[in-house]
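Please see the structure below; I have some questions.
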Amino acid sequence: MIQSMTGFGKHVIQLPSKKITIEIKSLNSKNLDLNARIPSMYREKELLLRKIIASALVRGKVDFALYVEVTGGETSSKINEEVVQKYMEQLNTIASGDDLKLLEMALRLPDALKTDREDIDEAEYATIQEVLEKALSEITIFRTQEGKVLEKDFVQRIKNIASLLDNVKEMDPERLLTIRERLEKAVVDLKAEVDANRFEQELIYYLEKYDITEEKVRLANHLSYFTETLNSDDSNGKKLGFITQEIGREINTIGSKANYAAMQQVVVQMKDELEKIKEQMLNVL
């Protein structure tokens, strides 16, 4: 079961005097790129929170935000009276105004409010961790649902490539016969006498260069391996990406050896299906 790297999770809990909200968003990325927005008083727990998120999400560009809103009577912020008074005096020298207006302006300036640092209550941190786990559970569900959509698309496109490969197998004998006839006609048009045995040997050698038996077998194996990996218990986007590269290599080789317009048209269709798989593969965990 594959998972998408795109997801969103949010959970809120109300404590007696605080409202704690955690939001997690994720997009595709080659590795884990975690951006955390945490109130300053909770910074000491940031590494622990990052570790929990990294373990759960593994890969992706992740935005994590912790919001703590004081809803009760407690507050750790106070007006820094001395700083505010100095601001008002300086503002008054620049432009005259009533005290209320100067106070409004002063309160917007840096350090107008001071915050008394408090130690994090362990019970409160345990609650934050609980909220985080629930938000991670929500984003995992989201990623799994998105993964099902991707999986359905992959299955259909792999079937399409397999069907096109069957077309290649069916037209291969006719292709080789056409190439042989083309070479024989070219020799006839030269109006030159050639050694029949020598010509036959050269013809066989030439046709062997255009033989795609191995490519057809390998491509079929890669398609089966892709489906097998897709149905495994773990989501492994990198492994599927490697298999996709191998599928592309075999399709390209068939195209370069085809020397037959009808087969080259089928190869173009196979490439088109594969490109659509590659585009979506960027989102797989």
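The values are calculated or read from the model by the stated rules, or taken from the named source; none is laboratory data. On a predicted model such as this, the values are computed, not experimentally measured, just so you know. For neighbour counting, all protein chains shown are included, and Cβ atoms are generated from backbone atoms with ideal geometry for every residue, glycine included. Protein only, heavy atoms only, side chains kept; ligands, DNA and RNA dropped before computing areas. Shrake-Rupley method; radii C 1.70, N 1.55, O 1.52, S 1.80 Å.
Identify all residues within region 22-58 that are within 18 Å of THR144 (Cα to Cα) and exposed (fewer than 13 other Cβ atoms within 10 Å of the Cβ); write none if there are none.
Of everything in region 22-58, just one residue is within 18 Å of THR144 (Cα to Cα) and exposed (fewer than 13 other Cβ atoms within 10 Å of the Cβ), namely SER55.
Another question, then. Do we find that THR244 is open to solvent by 50 Å² or more (accessible area, probe 1.4 Å) and at pLDDT 90 or above in this structure?
On the way: open to solvent by 50 Å² or more (accessible area, probe 1.4 Å): no; at pLDDT 90 or above: yes.
For THR244, the condition - open to solvent by 50 Å² or more (accessible area, probe 1.4 Å) and at pLDDT 90 or above - is not met.
Hey, another quick one. State whether the residues of region 91-102 include one that is in contact (Cβ under 8 Å) with a residue 12 or more places away in the chain and farther than 30 Å from ALA261 by Cα. Break it down stepwise before answering.
Looking only at region 91-102, we keep the residues that are in contact (Cβ under 8 Å) with a residue 12 or more places away in the chain, and these are 91, 102.
When the remaining residues are screened for being farther than 30 Å from ALA261 by Cα, the result is 91, 102.
Yes, region 91-102 has at least one match.
A further question on this structure: Within region 18-36, take every residue that is farther than 14 Å from ILE128 by Cα and outside any loop (DSSP other than H, G, I, E, B) and give me the one that is nearest to the chain's Cα centre (by Cα). Walk me through how you get there before you give the answer.
In the first step, residues of region 18-36 are kept if they are farther than 14 Å from ILE128 by Cα; the result is 25-36.
Now restrict to residues that are outside any loop (DSSP other than H, G, I, E, B): 25-27, 32-36.
Working: LYS25: 13, SER26: 9, LEU27: 6, LEU32: 10, ASP33: 11, LEU34: 14, ASN35: 16, ALA36: 19 Å.
So, considering only residues that are farther than 14 Å from ILE128 by Cα and outside any loop (DSSP other than H, G, I, E, B), the one nearest to the chain's Cα centre (by Cα) is LEU27.
Next question. Please verify whether region 66-82 includes one or more residues that are within 30 Å of GLY237 (Cβ to Cβ) and of a type outside the set (Ser, Thr, Tyr). Even if it seems obvious, please write down each step before you answer.
Narrowing region 66-82 to residues within 30 Å of GLY237 (Cβ to Cβ): 66.
Adding the requirement that they be of a type outside the set (Ser, Thr, Tyr) leaves 66.
Within region 66-82, one or more residues are within 30 Å of GLY237 (Cβ to Cβ) and of a type outside the set (Ser, Thr, Tyr).
Next question, about the same structure. On the given criteria, is SER256 open to solvent by 10 Å² or more (accessible area, probe 1.4 Å), assigned to a loop (DSSP other than H, G, I, E, B), farther than 12 Å from ILE158 by Cα and not charged (D, E, K, R)? Steps first, please.
On the way: open to solvent by 10 Å² or more (accessible area, probe 1.4 Å): yes; assigned to a loop (DSSP other than H, G, I, E, B): no; farther than 12 Å from ILE158 by Cα: yes; not charged (D, E, K, R): yes.
Spelling it out, it is not the case that SER256 is open to solvent by 10 Å² or more (accessible area, probe 1.4 Å), assigned to a loop (DSSP other than H, G, I, E, B), farther than 12 Å from ILE158 by Cα and not charged (D, E, K, R).
While we're on this one: Report yes if some residue within region 162-170 is surrounded by fewer than 16 Cβ atoms within 10 Å (Cβ to Cβ) and farther than 30 Å from GLU214 by Cβ; otherwise report no.
no
Any idea how many residues of region 171-211 are outside any helix (DSSP H, G or I), modelled with pLDDT under 80 and either aliphatic (A, V, I, L, M) or surrounded by 14 or more Cβ atoms within 10 Å (Cβ to Cβ) (or both)?
Within region 171-211, the first condition is being outside any helix (DSSP H, G or I), and the residues that meet it are 191-195, 210-211.
Next cut, modelled with pLDDT under 80 only: 191-195.
Filter once more, so that each one left must be either aliphatic (A, V, I, L, M) or surrounded by 14 or more Cβ atoms within 10 Å (Cβ to Cβ) (or both): 192, 194.
Looking only at that region, the number is 2.
Please verify whether TYR225 is open to solvent by 60 Å² or more (accessible area, probe 1.4 Å), part of a helix (DSSP H, G or I) and farther than 29 Å from SER29 by Cα, treating the condition exactly as stated. Give the steps one after another, and end with the answer.
Values: open to solvent by 60 Å² or more (accessible area, probe 1.4 Å): yes; part of a helix (DSSP H, G or I): yes; farther than 29 Å from SER29 by Cα: no.
In short, no.
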